[in-house]
Amino acid sequence: MTDPAPLGPQGFCDPRFAGVREVFAHSFAERLETGASVSVAVDGRTVVDLWGGFSDAAGRRPWQRDTIVNVYSTTKGLTALCAHLLAERGAIDLDAPVARTWPEFAQAGKEGVLVRHLLCHQAGLPGLRRDLSVEDLYDWEKTTISLAAEAPWWEPGTSHGYHALTFGHLVGEVVRRASGRRLGRFFRDEVAAPLGADLHIGLAPEHDARVAELVPPPVDPGFRALLASDPHSLLARALANPAADPRQTATRAWRGAEIPAANGHGNARSLARVYAALACGGSLDGIALCRAETLERASTVAASGPDRILQIPMHWGLGYVVNAAKTIYGPNPRSYGHTGFGGSFGFADPDARVAVGYAMNRMAATLVGEPRGAALIRAVYEAL
């Protein structure tokens, strides 16, 4: 079966950013995309809002202006923002033990784990030793009880390792204890609704018809064999317990659950809108989310060096990937955001006051430096 004929970009593009449209169109012409959206804001003003292609693998449903898609770990940046809003209000102390807010967490040698350790992947809890099913992720209480009882894989605070799935439940439970609201509800009330951002952590059924079908990436047999060779290793427990299967995202159970590390749904426009507020010091269109100093703390490198899970050098802020090495989010080292499995991302550049969002349904096997997104980012900065 051949791929359907590509549908080129639709939407708005300031003439100054025509190069972004050209790069986006090229991806469709070369059949690198099935469906996607990209959005750019400068000084809080939208200069690019484009979408194109198909929301299904068969090429029968065109990607619409309001199409949304599962953005996997791009969700983490949204989850982290909730913690920072509460910290600014004094409801959470980032430098205090997690157990101050979540007493049951002080088990198995974790009484000294700080909230900041959760945010910068230093808590030593990237995976659970007991087997998890995907259905376990849907059960908030079951998963958080398990995390509270788990012993760290390394001494917390001494090194970092990507908490691919556990990040959301760890940070989300602190948010729930501090605010009295589940993470998805808090995010909706305090971020998405005020900004008018079409982003959801826990998707209501009435939005199902708008969700794009993910097209899984090619399987890496070498990596699969590595995980299978020792299914109880740190790497396997962190990345394959449970294994991420994009087909799960098409189920009502996945969409409706709150998995704040991995199941946010949205589009590029809404990602760029949230990050535009961050790029502009915490306010957008008269809506004040937080203070600039809150974002400065969130985006300052808190952990750097080789990541135990990703096995590449990383620069982690408190919940964000920081562009300190200038290799991910443009040329400015203070840019920060988060990328998701498959290629979606959102980031803010406070120096250029730029925000970019990208969401797609054809997933790439690479994460850092994924070519389609990297080309779009280059085109944005070439236009500035």
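The values are calculated or read from the model by the stated rules, or taken from the named source; none is laboratory data. In this text the structure is predicted, and so the values were computed from the model without any measurement. Neighbour counts are summed over all protein chains in view; Cβ atoms, including those assigned to glycine, are modelled from backbone coordinates with ideal geometry.
Descriptive notes on the structure:
- Restricting region 355-381 to residues that are farther than 21 Å from Val322 by Cα and not polar (S, T, N, Q), the residue that is surrounded by the most Cβ atoms within 10 Å (Cβ to Cβ): Met360
- Among the residues making up region 98-111, those that are surrounded by fewer than 19 Cβ atoms within 10 Å (Cβ to Cβ) and either part of a helix (DSSP H, G or I) or in contact with a helix residue (DSSP H, G or I) (Cβ under 9 Å, 6 or more places away or on another chain) (or both) are Ala99, Arg100, Pro103, Glu104, Ala106, Gln107, Ala108, Glu111.
Condition check ((1) farther than 25 Å from Ala18 by Cβ; (2) not hydroxyl-bearing (Ser, Thr, Tyr)) across all residues:
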position	(1), (2)
Gly282	yes, yes
Ala298	yes, yes
Val321	yes, yes
Tyr336	yes, no
Val368	yes, yes
Ala379	no, yes
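- Test: residue in region 71-87 that is under 23 Å from Asp189 (Cα atoms), surrounded by fewer than 20 Cβ atoms within 10 Å (Cβ to Cβ) and among the charged types (D, E, K, R): no
- A Cβ distance below 7 Å, combined with a sequence gap of six or more or placement on separate chains, defines the contacts here; from region 196-221, residues that are in contact (Cβ under 8 Å) with a residue 60 or more places away in the chain reach residues that are of a type in the set (Phe, Trp, Tyr) and surrounded by 15 or more Cβ atoms within 10 Å (Cβ to Cβ) in the pairs Ile201/Phe187; Ala212/Trp63.
- All helices (runs of 4 or more DSSP H) inside region 193-302 with 2 or more residues being surrounded by fewer than 22 Cβ atoms within 10 Å (Cβ to Cβ): 221-229, 234-239, 252-256, 292-299
- Close pairs from region 116-137: first under 20 Å from Pro242 (Cβ atoms) and among the basic types (Lys, Arg), partner at pLDDT 95 or above and not in a loop (DSSP other than H, G, I, E, B), Cβ under 7 Å, at least 6 apart: Arg129/Arg237; Arg130/Ser146
- Checking Asp43 against (1) within 21 Å of Ser270 (Cα to Cα); (2) surrounded by 15 or more Cβ atoms within 10 Å (Cβ to Cβ), the condition it does not meet: (2)
- Region 303-318: number of residues that are in a loop (DSSP other than H, G, I, E, B) and touching a strand residue (DSSP E or B) at 6+ places or on another chain (Cβ under 6 Å): 2
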